[in-house]
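Let me begin by presenting the structure, written as structure tokens, before commenting on it.
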Amino acid sequence: MSDGSSRRAALIESIYRIALEPQTYDSFMAEWAAYINQRVDYLQRLVEAGHTVLAESEEDPEITRHFEIAGRILAQMADRADPPAARGESAGAAPQLLADAEGRIVWGNTAAEREFGVGKGGCIDDLPTDAAHRRSLRQLCQRLRVGDPTMQPRPLLMKITSPLDGRSQFLQARMLPERDERDLILISRITPDWPEGVSRILAEDFGLSPSEAAICELVADGNPPEQIAALRGSAVATVRTQLKKIMAKTGSHSQVDLVRLLFSLMRMVERHPRAGMGGGGHEGIRLELPGGRTITAEYLGDPHGDPVIFFHGMLDGINLPPGLEKSLADAGFRLICPVRPWYGTAEPGDWPVPEYPDHFAAQVAALMDELHIPSALTLGHMGGALYAYALAQHFPDRVRGILAVAGAVPFTSVRDFAVMSTRQRLVAYTARYTPHLLPFVLRAGINQMLNGGHRRFMLSQYEGTADDMAAVNDPDIFERIASGHRFSVRQGHRAFEIDSLHMVSDWSHRVDATDVPLHVVHGDRDPWMNIDTTRDFWQARPGRAHLTVLDGGGQLILYRRPERILKALVDLRRDAARRAGR
């Protein structure tokens, strides 16, 4: 087999593998990188000739077809499986199998083979379960063969006992209809959903740290201390000490008491979602806007302070680093944090993708009207900077100044891609050259994050930047960033897709249409928006922006250098006041 054929076969194998094993995302991305990197020059020539996507050239329709089939499997698993929570244990780390209508195991992850001795090529009859459950599973296969229109009224519950240690696990079997392809049965572990508000209640009502709240998620998922330690990369003694602190803070006399409390909180937040929206300075709102739409926002800082519209990035959410919220309040700032469509619990948007910044700017202006805010400073974090510029572009009288923190600038040349970090460059290439394949790449990455892969996802993003890695290795900062990930992907990949497409486009006209005071704070080791790219953009607009470069800073400077961000905001307020003649 030639090198090209081997690479092609490896890519196809990796495409299907991540449908069942989210933690193989890194391997998939390595294969995808090898494939697309060798085609970058060719793809750029296609773009210059007027083509917009790889499919238009019919350059490799077979690869596209495999992406489509595997994408449907990913979509069906996301739609039909229990909602993945941000637990340390993952669907990828827990046993999973795919069986066909004949009862053959057509795919299985390594955990299933290790714990049950059954893998690809095996049979459902080989599963270590009792005769009644095996018979029910066979009946489900029979329904697949005859095309029973009633299918299954609910997932089939199965108890499987591991021959390794005799531990029992409860699994569910549910169908994954594949339209034009053969139907499959997914056999996976049952896991409880962890509503987002539970961690906030644990923090505000019981004083738990983000790290302790994360351990509670693992406890609720049935993990013993040894497994929690393995998943978090900690010593078992450390986890036991943390559990004792958690039980002391919650008043739990035993782990059974703690589990009972956690499940009570989970039910409470599920029934009353606003119970988890928080107090302690966090005020959540959902406002009806003209035209029947709604907008979701949170308030942070001094309730009576100078208003600052905070535009969140793609991955960070609205979580601020420890201590910054109090510092903002002490400095007299009030952050209003509107949530963009498809993020968190915000209403989805149905606007054309190129028009998203314009429509969202109109929503934010309407929000300011509802809150009686005539004008405000704005803070655009990472990709959120685009939306700050869009607000100033369309509503210049409403924006007193813009602070861009690790903010994106428009991509004006393909050379801008070459200086990005490996992982981020690969996503950018996909968005630029093969946007029809972008949803699959994003969905697979989201699967990795939601299935216990937050740390691995962050390592792939930031491993080349020491300052960012220091943030990732700080437990409190790590939990805040991981919470931001969950916020960003709560409704799936659509928010990522929209913002990714914007990030690799040239939206210079939005910046050039503004003339409000503009401060930019950027790290000279930022892995996404290279400092040279940033400098070149602003040097082409002399005098437009006050650029502050932080030595050694990466993309996570908001978390690592919060005092510098606060100073920049204070400076921007001063400059805006001078301009207004105050």
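Within the set 554, 492, the sole residue that is buried (at least 17 other Cβ atoms within 10 Å of the Cβ), touching a residue at least 60 places away in the same chain (Cβ under 8 Å) and more than 24 Å from residue 324 (Cβ to Cβ) turns out to be 492. Scanning the range 313-327 for residues that are touching a helix residue (DSSP H, G or I) at 6+ places or on another chain (Cβ under 8 Å) and outside any loop (DSSP other than H, G, I, E, B) returns 324, 327. I'm checking my understanding of the structure. Among residues of the range 342-369 that are among the acidic types (Asp, Glu) and out of contact with any strand residue (DSSP E or B) (no Cβ under 7 Å at 6 or more places or on another chain), which one is surrounded by the fewest Cβ atoms within 10 Å (Cβ to Cβ)? Within the range 342-369, the match that is surrounded by the fewest Cβ atoms within 10 Å (Cβ to Cβ) is 350. Residue-level check: of (1) among the hydrophobic types (A, V, I, L, M, F, W, C); (2) surrounded by fewer than 21 Cβ atoms within 10 Å (Cβ to Cβ); (3) assigned to a loop (DSSP other than H, G, I, E, B), residue 568 misses just (3).
Cβ separations smaller than 7 Å between residues 6+ apart or across chains give no pair from the range 425-441 residues that are touching a residue at least 24 places away in the same chain (Cβ under 8 Å) to residues that are of a type in the set (Lys, Arg) and surrounded by fewer than 20 Cβ atoms within 10 Å (Cβ to Cβ). The single condition among (1) closer than 19 Å to residue 312 by Cβ; (2) touching a His at 6+ places or on another chain (Cβ under 6 Å) that residue 443 does not satisfy is (1). Can residue 388 be described as farther than 20 Å from residue 407 by Cα and assigned by TED's automatic domain parsing to the domain that holds residue 520? Against the criterion (farther than 20 Å from residue 407 by Cα and assigned by TED's automatic domain parsing to the domain that holds residue 520), residue 388 does not qualify.
Quick check, is residue 543 small (Gly, Ala, Ser), crowded, with 23+ Cβ neighbours inside 10 Å and not in a helix (DSSP H, G or I)? For residue 543, the condition - small (Gly, Ala, Ser), crowded, with 23+ Cβ neighbours inside 10 Å and not in a helix (DSSP H, G or I) - is not met. Exactly one residue out of 458, 469 is outside the structural domain of residue 547 (by TED's automatic domain parsing), of a type in the set (A, V, I, L, M, F, W, C), surrounded by 21 or more Cβ atoms within 10 Å (Cβ to Cβ) and closer than 24 Å to residue 318 by Cα: that is 458.
Every residue, every condition in (1) touching a Gly at 6+ places or on another chain (Cβ under 6 Å); (2) assigned to a helix (DSSP H, G or I); (3) at pLDDT 80 or above, yes or no:
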{"residue": "194", "(1), (2), (3)": "no, no, no"}
{"residue": "197", "(1), (2), (3)": "yes, yes, no"}
{"residue": "200", "(1), (2), (3)": "yes, yes, no"}
{"residue": "204", "(1), (2), (3)": "yes, yes, no"}
{"residue": "212", "(1), (2), (3)": "no, yes, yes"}
{"residue": "215", "(1), (2), (3)": "no, yes, yes"}
{"residue": "219", "(1), (2), (3)": "no, yes, yes"}
{"residue": "223", "(1), (2), (3)": "no, no, no"}
{"residue": "226", "(1), (2), (3)": "no, yes, yes"}
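Scan the range 407-428 and tell me whether some residue there is in contact with a strand residue (DSSP E or B) (Cβ under 6 Å, 6 or more places away or on another chain) and modelled with pLDDT of 80 or more. Within the range 407-428, one or more residues are in contact with a strand residue (DSSP E or B) (Cβ under 6 Å, 6 or more places away or on another chain) and modelled with pLDDT of 80 or more. Within the range 239-267, can you find the residues that are surrounded by 14 or more Cβ atoms within 10 Å (Cβ to Cβ) and without any contact (Cβ under 8 Å) to a residue 12 or more places away in the chain? Of everything in the range 239-267, those that are surrounded by 14 or more Cβ atoms within 10 Å (Cβ to Cβ) and without any contact (Cβ under 8 Å) to a residue 12 or more places away in the chain turn out to be 247, 252, 261. Considering only residues that are among the charged types (D, E, K, R) and either closer than 22 Å to residue 353 by Cα or crowded, with 23+ Cβ neighbours inside 10 Å (or both), look in the range 286-341 and name the one that is farthest from the chain's Cα centre (by Cα). Restricting to residues being among the charged types (D, E, K, R) and either closer than 22 Å to residue 353 by Cα or crowded, with 23+ Cβ neighbours inside 10 Å (or both), the top hit is 293.
Here's the yes/no breakdown for (1) at pLDDT below 80; (2) in a helix (DSSP H, G or I); (3) touching a strand residue (DSSP E or B) at 6+ places or on another chain (Cβ under 8 Å):
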{"position": "105", "(1), (2), (3)": "no, no, yes"}
{"position": "135", "(1), (2), (3)": "no, yes, no"}
{"position": "166", "(1), (2), (3)": "yes, no, no"}
{"position": "171", "(1), (2), (3)": "no, no, yes"}
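Quick one: is residue 501 modelled with pLDDT of 95 or more and in a helix (DSSP H, G or I)?
Here the answer is no, as residue 501 does not meet what is asked.
Do the conditions hold for residue 580, that is, is it in contact (Cβ under 8 Å) with a residue 24 or more places away in the chain, surrounded by fewer than 17 Cβ atoms within 10 Å (Cβ to Cβ) and closer than 25 Å to residue 398 by Cβ? The answer is yes for residue 580. Within the range 496-523, residues that are farther than 22 Å from residue 572 by Cβ sit with their Cβ atoms under 7 Å from residues that are charged (D, E, K, R), at 6+ positions apart or across chains, in these pairs: 504/432. With respect to the numbered conditions (1) among the hydrophobic types (A, V, I, L, M, F, W, C); (2) over 30 Å from residue 200 (Cα atoms); (3) in a helix (DSSP H, G or I), which one is the sole condition not fulfilled by residue 516? Result: residue 516 passes all but (3).
Listed here are the residues, each with its yes/no results for (1) hydrophobic (A, V, I, L, M, F, W, C); (2) over 25 Å from residue 333 (Cβ atoms).
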| site | (1), (2) |
| --- | --- |
| 533 | no, yes |
| 543 | no, yes |
| 546 | no, no |
| 551 | no, yes |
| 556 | yes, no |
| 570 | yes, no |
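A Cβ distance below 6 Å, combined with a sequence gap of six or more or placement on separate chains, defines the contacts here; from the range 338-362, residues that are of a type in the set (Lys, Arg) reach residues that are buried (at least 21 other Cβ atoms within 10 Å of the Cβ) and outside any loop (DSSP other than H, G, I, E, B) in the pairs 340/360.
The values are calculated or read from the model by the stated rules, or taken from the named source; none is laboratory data. This is a predicted model, so every value here is computed, not measured. Cβ atoms come from the backbone with ideal geometry, glycine included; neighbour counts cover every protein chain shown.
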